[in-house]
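A.B. asks: For reference, the structure I am asking about is given below.
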Amino acid sequence: MQNTLKTSVTFDGVGLHSGLPVKMILRPAPAGHGISFQRTDIELGNTIIPARWDMVERTALCTRLVNEAGVVVSTVEHIMAALAGCGVHNALVELDGPEVPIVDGSSAPFVRGIMKQGLHRLTDPVVAYEVLKPITVEHNGAKATLLPSDRTRIEFHIDFTDEAIGRQSKSLDLRNGAFARELCDSRTFCSRSDVETMQANGLALGGVPGENAIVFDGKTVESGTGLRHEDEPVRHKMLDALGDLALAGGPLIGHYVGERAGHALTNTLLRELFATPGAVREVTCDLAMAMRLPGQGLIWSEIPTEVARVA
Ligand SMILES: [Zn+2]
């Protein structure tokens, strides 16, 4: 059955790119609502933005949604991943600013906040999107693929010139609470050289190395109390991919493979999936299918605490 939140959950913080303070309130929503955002700081016009692939505005560094009225919300990927990874199918995400708070750079504070309050089970079955045909998109040496599968699997390969990152690969079946256990605490990262470029372009203004982002510089790592996983960067790319794929409009049943892919390419992949005849179908999940969805089998004690585990 579909889930929503048992009660509202509030998060305070700053936007990673805007640097602006923001309050985010996750509110319960009825079956069939899906996930949508609302800008409470804007009084006129339509301030609701559905969390859907066709609302994505092309950006390289984060996922930004925009509605017909031009109302935007940026950096939605980490809260979308948390909602998908916890099995929350319906919620209204209120924001009093243009960007989701970055918190610690990961989805773990959102996962802990959501699961502490608990979920409310609704009476309608989950509607998911099942990949039926392989779809691949490529751009500038990056590649993203969706393959048919009976479950949600995310596979990622990265290759960075910073020696402290290098080549990393990981593949994970997202049932049995795997998102919360394996991915949710991995943080946003970038190279030192990117920081100056971003800030010169008015981005990453709220970024604090070690506090809400990891900054790699060759062999050097600015990560606060240490990395949370030896392969934290590839895990964060998988977290981003889950959040971006959640913009399908419901759980996506298929095997995603990202090779140096980013937000824009994953969105192009979803656009291609929905534009290709016979490549995807909407399915009402039976019990066996529902048991394989992300969020099933999540155990509170397996949600990571804020303690870093790798020196
Ligand atoms: Zn991210």
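The values are calculated or read from the model by the stated rules, or taken from the named source; none is laboratory data. As the structure is a computational prediction, the values presented were derived from the model and not from experiment. For neighbour counting, all protein chains shown are included, and Cβ atoms are generated from backbone atoms with ideal geometry for every residue, glycine included. Quick note on the areas: whole protein, heavy atoms, side chains included, nothing else; ligands and nucleic acids left out. Shrake-Rupley method; radii C 1.70, N 1.55, O 1.52, S 1.80 Å.
A.B. asks: 5 Å is the cut-off here: which amide hydrogens, built 1.01 Å from N in the peptide plane, fall below it relative to SER186, excluding neighbours closer than 5 in sequence?
C.D. replies: SER107
A.B. asks: Cα-Cα pairs above 22 Å in segment 3-121: how many percent?
C.D. replies: Everything past 22 Å amounts to 26 percent.
A.B. asks: What accessible area per residue comes out for the chain, rounded to a whole number of Å², with a 1.4 Å probe?
C.D. replies: Value returned for the chain: 42 Å² of accessible area per residue.
A.B. asks: Hey, can you grab everything whose amide H is under 5 Å from the amide H of ARG151? Only 5+ residues off in sequence or another chain; H modelled, so Pro and N-termini drop out.
C.D. replies: Amide H neighbours of ARG151, under 5 Å, 5+ apart: GLY254.
A.B. asks: Enumerate the amide H contacts of VAL103 below 5 Å, restricted to partners 5 or more residues apart or on another chain; note that Pro and chain-start residues carry no placed amide H.
C.D. replies: Here the answer is VAL14, since their amide H atoms fall under 5 Å of that of VAL103.
A.B. asks: In whole Hz, with x marking every Gly and Pro, tabulate ³J(HN,Hα) for segment 167-184 from phi via Karplus 6.51 cos²θ - 1.76 cosθ + 1.60, θ = phi - 60°.
C.D. replies: 9, 9, 9, 7, 9, 8, 7, 8, 7, 6, x, 4, 4, 5, 6, 9, 10, 5
A.B. asks: Restricting the calculation to Cα positions, tell me the Rg (one decimal) and the Dmax (whole number) of segment 127-302 in Å.
C.D. replies: In Å, with Rg to one decimal and Dmax whole: 17.1, 51.
A.B. asks: Computed FRET efficiency, Cβ-Cβ of THR305 and THR7, R0 22 Å: what is it to the nearest 0.05?
C.D. replies: In this case the efficiency is close to 0.45.
A.B. asks: Picking from LEU227, LEU293, LEU16, which is most flexible by a Gaussian network model of the chain using Cα springs under 10 Å?
C.D. replies: Sorting by GNM fluctuation, first place goes to LEU227.
A.B. asks: Could you give me the ³J(HN,Hα) list for segment 296-302, computed from phi with Karplus coefficients 6.51, -1.76, 1.60 and θ = phi - 60°, whole Hz, x at Gly and Pro?
C.D. replies: Listing the rounded values in order: 6, x, 6, 10, 3, 5, 8 Hz.
A.B. asks: Follow-up. Compute the distance in nm between two label points, each set 7 Å from the Cα along the Cα-to-Cβ direction, one at ARG27 and one at LEU147.
C.D. replies: Spacing of the two 7 Å Cα→Cβ label points: 4.3 nm.
A.B. asks: Which value does Rg/Rh take for segment 154-243 over its C-alpha atoms, Rh per Kirkwood?
C.D. replies: Here Rg/Rh amounts to 0.98.
A.B. asks: Considering only Cα-Cα distances, which of the following residue pairs are longer than 30 Å: LYS23/LYS143; LYS133/LYS219; LYS170/LYS219; LYS6/LYS133; LYS133/LYS170; LYS23/LYS133?
C.D. replies: Too far apart for the 30 Å limit: LYS23/LYS143; LYS133/LYS219; LYS6/LYS133; LYS23/LYS133.
A.B. asks: Applying the Karplus parametrisation 6.51 cos²θ - 1.76 cosθ + 1.60 with θ = phi - 60° to the phi angles of segment 200-212, what ³J(HN,Hα) value in whole Hz is obtained for each residue in order, glycine and proline being reported as x?
C.D. replies: Values per residue, Gly and Pro as x: 5, 9, x, 10, 6, 5, x, x, 10, x, x, 9, 9 Hz.
A.B. asks: Mean-square fluctuation check for the chain, GNM, Cα pairs under 10 Å: which of CYS62, CYS86, CYS184 is largest?
C.D. replies: Among CYS62, CYS86, CYS184, the largest GNM mean-square fluctuation belongs to CYS62.
A.B. asks: Taking segment 43-88, which GluC sites (Glu not before Pro) meet the DSSP loop condition and have no more than 16 other C-beta atoms within 10 Å?
C.D. replies: Loop-located and lightly packed - GLU43, GLU68.
A.B. asks: Ratio of Rg to Rh for the chain, alpha carbon only, Kirkwood?
C.D. replies: 0.93
A.B. asks: In whole percent, what relative contact order does segment 1-66 give with Cα contacts below 8 Å and a gap of six or more residues?
C.D. replies: Across segment 1-66, relative contact order equals 21 percent.
A.B. asks: Still on this structure, I have one more. Would you mind telling me the share, in percent, of accessible area of segment 63-129 contributed by carbon and sulfur at probe 1.4 angstrom?
C.D. replies: Reported share for carbon and sulfur atoms: 50 percent.
A.B. asks: If you don't mind, there's one more thing I want to ask. In the Gaussian network model of the chain, springs joining C-alpha atoms below 10 Å, which of HIS139, HIS157, HIS255 carries the largest mean-square fluctuation?
C.D. replies: Greatest mean-square fluctuation among the candidates belongs to HIS139.
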